[in-house]
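Undergrad: I'd like to ask some things about the structure below.
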Amino acid sequence: MSATEIDFYQLLEVSRDADGGTIKSAYRKLAMKFHPDRNPGDAEAEAKFKAISAAYDCLKDPQKRAAYDRFGHAAFTEGMAGGGGGRGHPGADFGDIGDIFETIFGSAFGGGAGRQQARRGADLRYNLDITLDEAFHGRETQIEIEVSAECDTCDGSGAEPGTSERRCNLCNGQGAVRAKQGFFVVERPCPTCHGRGVVIETPCSECRGEGRVDKVQALEVTIPPGVDTGTRIRLAGRGEAGPHGSPPGDLYIFVQVRPHNVFERQGTTLATRVPLSFTTAALGGSIDIPDLDGSTNTVEIPAGIQSGKQLRVRGAGMPVLQGRGRGDLVVEVAVETPTKLTKKQKELLQQFRETETGEECPESRGFFETLKNAFGG
């Protein structure tokens, strides 16, 4: 199963070293901007408001923030969300104060830790390039990645088939040995079995006792509509296999959306620049802009429009990630001056110039009057 996750710091538009006051100020500013009461009926704003609220709820709490900085979104999955005795991140369970001292001081306080917990496999990263059209529609895709996967020969145990592990003689299966140092009894992982409590007498010939081998795996990935560059998709348990049958890590897919020939993306907003003939700009008209969903958006051009003017088409932008609705399409007009005129066209323009009074272009007239007054002309 995959889940799309957006970085909390990115959502609140702050750096990772921002202090509590900066985070609070950023949240208030964004919450005021995207609050549903200020944006009635705007699904994109509602989704954004919920996302920044969740981000602030995490980052305002020092303990939650510390967990997020260390483990990312995984800190709040698989039982890591906290609360009475919840199961922690694999290999980092701090259920009580004794565990904390054990983690920091290596069981120097004689806590009787016993065997070490299974060491989780490493997380992996995969960069996936997609087109803007794929980001709009979403897609199912297959990727190939080389990972350390469980050995099929020994089923991850590390022992040659037909043989088995035996209890470690040095630590008597406890996974740890103790030594007295002054007033303290120091407990450390057993050097023979490396904290497992068991040893492999006959290692697997395929994986050499590791319980894992490098393999090329083909994985199905679901790209949801609305993803953007930087979106992270987590495939739980698809990272490297842990040694000797330990739990695997996760695979993180980082999305990179390639530039489009027509549209520039700004969040859920699509922007494009459209050249417009000066006659259409003067008289008005309409233009058709293709939509990524296959339809056509007809944009009405008001008479007298100027270069740089932006026209907005509601609901013609990108889908809201894990939400409802779409952003907007912004069309910026660039009035084009003709460079190749026929003799007839030049004559008509000359006739038009002879009838000009200055009222046709009030901005030009105002500018030159300002110049005249400024220089006492």
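The values are calculated or read from the model by the stated rules, or taken from the named source; none is laboratory data. Here the structure is a predicted model, which means the values were calculated and not measured. Every residue, glycine as well, gets a Cβ built from its backbone with ideal geometry; the counts of neighbours run over all protein chains shown. The area values use the complete protein model at the heavy-atom level, side chains included, leaving out ligands, DNA and RNA. Shrake-Rupley method; radii C 1.70, N 1.55, O 1.52, S 1.80 Å.
Undergrad: So which strands (runs of 3 or more DSSP E) stay within segment 120-176 end to end and still have 1 or more residues that are of a type in the set (A, V, I, L, M) and closer than 28 Å to Val213 by Cβ? Reasoning before the result, please.
TA: Details: elements: 124-130, 139-150, 165-167.
Result: 124-130, 139-150.
Undergrad: Moving to a separate point now. For segment 342-361, which positions are open to solvent by less than 90 Å² (accessible area, probe 1.4 Å) and modelled with pLDDT under 80?
TA: If the condition is that a residue be open to solvent by less than 90 Å² (accessible area, probe 1.4 Å) and modelled with pLDDT under 80, then Gly358, Glu360, Cys361 are the ones that fit.
Undergrad: Any residue at all in segment 78-91 that is at pLDDT below 80, in a helix (DSSP H, G or I) and closer than 30 Å to Arg196 by Cα?
TA: no
Undergrad: Additional query: Could you tell me which numbered condition Ile200 fails, if it satisfies all but one of (1) over 30 Å from Arg326 (Cα atoms); (2) in contact (Cβ under 8 Å) with a residue 60 or more places away in the chain?
TA: (2)
Undergrad: Sticking with this one: Quick check on Pro338: is it closer than 21 Å to Phe136 by Cβ, touching a helix residue (DSSP H, G or I) at 6+ places or on another chain (Cβ under 9 Å), assigned to a loop (DSSP other than H, G, I, E, B) and not aliphatic (A, V, I, L, M)? Spell out the reasoning first.
TA: On the way: closer than 21 Å to Phe136 by Cβ: no; touching a helix residue (DSSP H, G or I) at 6+ places or on another chain (Cβ under 9 Å): yes; assigned to a loop (DSSP other than H, G, I, E, B): yes; not aliphatic (A, V, I, L, M): yes.
Judged against the criteria, Pro338 is not a match.
Undergrad: Can I ask one more? List every residue pair whose Cβ atoms lie under 9 Å apart, where the two residues are 6 or more positions apart in sequence or sit on different chains, the first residue falls within segment 167-179 and is touching a residue at least 60 places away in the same chain (Cβ under 8 Å), and the second residue, located anywhere, is open to solvent by 90 Å² or more (accessible area, probe 1.4 Å).
TA: Sorted first by the residue in segment 167-179, then by its partner, the pairs are Gln174/Arg115; Gly175/Arg115; Gly175/Gln116; Gly175/His194; Ala176/Arg115; Ala176/Gln116; Ala176/Arg188; Arg178/Arg188.
Undergrad: Across segment 167-191, which residue is surrounded by the fewest Cβ atoms within 10 Å (Cβ to Cβ) among those that are among the charged types (D, E, K, R) and touching a Gly at 6+ places or on another chain (Cβ under 9 Å)?
TA: Filtering segment 167-191 down to residues among the charged types (D, E, K, R) leaves 167, 178, 180, 187-188.
Checking which are touching a Gly at 6+ places or on another chain (Cβ under 9 Å) leaves us with 167, 178, 187-188.
Details: Arg167: 12, Arg178: 14, Glu187: 22, Arg188: 14.
Taking the candidates together, the pick is Arg167.
Undergrad: Yes or no: Glu144 at pLDDT 90 or above and of a type in the set (D, E, K, R)?
TA: Values: at pLDDT 90 or above: yes; of a type in the set (D, E, K, R): yes.
So Glu144 fits the description; yes.
Undergrad: Mind counting the residues in segment 271-304 that are touching a Phe, Trp or Tyr at 6+ places or on another chain (Cβ under 8 Å) and within 17 Å of Asn261 (Cβ to Cβ)? Can you show your working first?
TA: Restricting attention to segment 271-304, the residues satisfying the condition of being touching a Phe, Trp or Tyr at 6+ places or on another chain (Cβ under 8 Å) are 271-272, 292-293.
Narrowing the set further to residues that are within 17 Å of Asn261 (Cβ to Cβ) leaves 271-272, 292.
The qualifying residues number 3.
Undergrad: Here's another thing I want to ask about it. Output the residues belonging to segment 281-297 that are in contact (Cβ under 8 Å) with a residue 40 or more places away in the chain and either loosely packed, with under 15 Cβ neighbours inside 10 Å or part of a loop (DSSP other than H, G, I, E, B) (or both).
TA: Scanning segment 281-297 gives Leu292, Asp293.
Undergrad: Considering only residues that are farther than 23 Å from Val227 by Cα and surrounded by 14 or more Cβ atoms within 10 Å (Cβ to Cβ), which ones fall in segment 26-56? Can you show your working first?
TA: So in segment 26-56, the residues farther than 23 Å from Val227 by Cα come out as 26, 28-29, 32, 37-38, 40.
Correct list: Ala26 only.
Undergrad: Kindly indicate the residue of segment 195-228 that is over 37 Å from the mean Cα position of the chain (by Cα) and hydroxyl-bearing (Ser, Thr, Tyr) and also most open to solvent (accessible area, probe 1.4 Å) among those meeting that condition.
TA: Ser205
Undergrad: Within segment 132-149, can you find the residues that are surrounded by fewer than 21 Cβ atoms within 10 Å (Cβ to Cβ) and either free of Cβ contacts under 8 Å to residues at least 40 places away in the same chain or of a type outside the set (Val, Ile, Thr) (or both)?
TA: Of everything in segment 132-149, those that are surrounded by fewer than 21 Cβ atoms within 10 Å (Cβ to Cβ) and either free of Cβ contacts under 8 Å to residues at least 40 places away in the same chain or of a type outside the set (Val, Ile, Thr) (or both) turn out to be Leu132, Asp133, Glu134, His137, Gly138, Arg139, Glu140, Gln142, Glu144, Glu146, Ala149.
Undergrad: From the list Ala271, Ala241, Ala303, which residue is modelled with pLDDT of 95 or more and either on the phi < 0 side of the Ramachandran plot or of a type in the set (A, V, I, L, M, F, W, C) (or both)?
TA: Working: Ala241 fails: modelled with pLDDT of 95 or more; Ala303 fails: modelled with pLDDT of 95 or more.
It is Ala271.
Undergrad: Still on this model: Filter segment 180-191 down to the residues that are under 16 Å from Pro243 (Cβ atoms) and not in a strand (DSSP E or B) and list them by number.
TA: Restricting attention to segment 180-191, the residues satisfying the condition of being under 16 Å from Pro243 (Cβ atoms) are 189-190.
Scanning segment 180-191 gives a single hit, Cys190.
Undergrad: In segment 229-256, what residues are of a type outside the set (Gly, Ala, Ser), out of contact with any strand residue (DSSP E or B) (no Cβ under 6 Å at 6 or more places or on another chain) and surrounded by fewer than 20 Cβ atoms within 10 Å (Cβ to Cβ)?
TA: Step one: filter segment 229-256 for residues of a type outside the set (Gly, Ala, Ser), giving 229, 231-235, 238, 240, 243-244, 247-248, 250-256.
After this cut, where a residue has to be out of contact with any strand residue (DSSP E or B) (no Cβ under 6 Å at 6 or more places or on another chain) as well, the list is 243-244, 247-248.
Within segment 229-256, Pro247 is the sole residue that qualifies.
Undergrad: To continue, here is another question. What is the one condition in (1) open to solvent by 50 Å² or more (accessible area, probe 1.4 Å); (2) at positive phi that Asp17 does not satisfy?
TA: All conditions pass for Asp17, except number (2).
Undergrad: In segment 298-319, which residues are open to solvent by less than 60 Å² (accessible area, probe 1.4 Å) and in a loop (DSSP other than H, G, I, E, B)? Steps first, answer last, please.
TA: Kept after step one, since they are open to solvent by less than 60 Å² (accessible area, probe 1.4 Å), are these residues of segment 298-319: 299, 301, 304-305, 308, 311, 313, 315-319.
Answer for segment 298-319, where residues must be open to solvent by less than 60 Å² (accessible area, probe 1.4 Å) and in a loop (DSSP other than H, G, I, E, B): Gly304, Ile305, Gly308, Gly315, Ala316, Gly317, Met318.
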